[in-house]
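Chemist: Structure incoming, see below.
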Amino acid sequence: MKIKYIIPTVLGAAAMMTACDENDQFKGELYEKVIYVLSDNDHIFYNVHNLGETSTGYLTIYCGGTEHITEDVRVEMEPYPQALDDYNYINFDLDETRYARLLDPSHYTVESYSTVLSAGSPDYYSLIPIKVNPDGLSPDSTYIVPMRIKSVSDHRVNPDKDKVLYRVVLANKFATMERTTYYQMTGVETLGLSDGDNASGISVTRVVAPLSKNKVRIFAGTHSYVPNNVTLDEINRYAMTVTFNDDHTVDIEPYGDIEVEKIDDPESNYWEYNEKGWLMLYMSYRYKDTVTFNGKTETCWVTMTETNTLKSEQLEK
């Protein structure tokens, strides 16, 4: 009869021991500690740098694992151009026109390629600063600072996350390359044809690119383009530079080979923010273009009177 009481007792003790074992396994490190540098699947890590100033971006070094490190870990990075070569070949093969470019050292400074993951810090990461001066860089190129982890004082480096392509993204108050900047344009287009002027209302969505602190590039008239699919010939033929002056006036100049002239108009050629916080750009200008009208093709002056609206709230005012 006693055996009826012994069996539950033994089973209960065994169950308690099993539960303790299961709980104890969560008290220690579940995953191996590995060191890696933060990036996306293509090893890209980007940071926005405003034109007209030198600003600081950061590389982020992490230590993976469920528990914090118990001793400091020193991590040393190094330049690694091969990572950029590999990226270009994998993504663009032999189409060198689309290759990302190595950022010239004159545009950036890395004061130290070393950092320390501190055991005394609550964070699981540490930062390596990169100072970048983006002035003079082109919105049509992708600029990269390629680096990799050279050495660590402790633990293992993740071989799939040991390198990074630090991408410099250009921006100013009026446009950014972080995403495509679109201005909504409405206005009147007048074709100065040989048999008389022809005016019509027009509306178009424009791609706008930052050039410097207060300058952007816009295609003239109704011309536009698809980002990452524009030719140098199109840029030379249609692109103009628009300058946002501190007094809220606007200057319009050729970017490439286009013939373009600002028209003096007291009601136009200025910029402002409206009551909704939208950027409003008013312009009057004319440019030379080859047009086809009623089956006849000719080169003429095209006069534009237009209102451009940027509704994005992501750009700094």
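Laboratory data are not the source of any read-out in this text; all were calculated from the coordinates shown. Keep in mind the model is a prediction, meaning the values are calculated, not measured. Using ideal geometry, Cβ is built from the backbone for each residue, glycine included, and neighbour counts are taken over all protein chains shown.
Chemist: Within the set of other residues whose C-beta is less than 14 Å from the C-beta of LEU102, count the net charge using Lys and Arg as +1 and Asp and Glu as -1.
Modeler: Around LEU102, the charge tally is -2.
Chemist: Who wins for biggest fluctuation among SER114, SER39, SER153 in a Gaussian network model of the chain, springs between alpha carbons below 10 Å?
Modeler: For the chain, modelled as a Gaussian network with Cα springs under 10 Å, the answer is SER153.
Chemist: Also, quick follow-up: Cβ under 11 Å from TYR80's Cβ, TYR80 left aside: what net charge do those residues give with Lys, Arg +1 and Asp, Glu -1?
Modeler: Here the charged neighbours net out to -1.
Chemist: Dividing the Cα convex hull volume of the chain by residue count, how many Å³ per residue is that?
Modeler: Enclosed volume per residue, from the Cα hull, is 255 Å³.
Chemist: Per DSSP helix of 4 or more residues, -39500 (n - 2.57); summed, then divided by the residues of the chain. What does that give at 222 nm, rounded to the nearest 500?
Modeler: Calculated mean residue ellipticity at 222 nm is -4000 deg cm²/dmol.
Chemist: What does DSSP give for the range 34-171 in terms of the percent of beta bridges that are antiparallel, rounded to the nearest 5? Write out the running numbers ahead of the final one.
Modeler: Working: 29 of 40 bridges.
Bridges in the range 34-171 that DSSP calls antiparallel: roughly 70 percent.
Chemist: Test of understanding: given the chain, find the longest segment containing no chymotrypsin sites (Phe, Trp or Tyr not before Pro) that are in a DSSP loop and have at most 12 other Cβ atoms within 10 Å.
Modeler: 32-317
Chemist: May I pose another question? Using only the alpha carbons of the range 167-297, determine the length spanned along each of the three principal axes and report them from longest to shortest in whole angstroms.
Modeler: In descending order, the Cα extents are 48, 35, 24 Å.
Chemist: To continue, here is another question. Pick from ARG179, ARG167, ARG217: which residue has the top mean-square fluctuation in a GNM of the chain where Cα pairs under 10 Å get a spring?
Modeler: Of ARG179, ARG167, ARG217, the Gaussian network model singles out ARG179 as fluctuating most.
Chemist: Okay, moving on. Among the GluC sites (Glu not before Pro) within the range 239-303, which fall in a DSSP loop and have no more than 15 other Cβ atoms within 10 Å of their own Cβ?
Modeler: The qualifying sites are GLU259, GLU267, GLU275.
Chemist: To continue, here is another question. Would you mind counting up the charge near TRP301? Only other residues with Cβ under 12 Å from its Cβ, with Lys and Arg at +1 and Asp and Glu at -1. Numbers along the way, then the final one.
Modeler: Values: positive: ARG286, LYS288; negative: GLU189, ASP197, GLU259, GLU261, ASP289, GLU298.
Within the 12 Å Cβ shell, the charges total -4.
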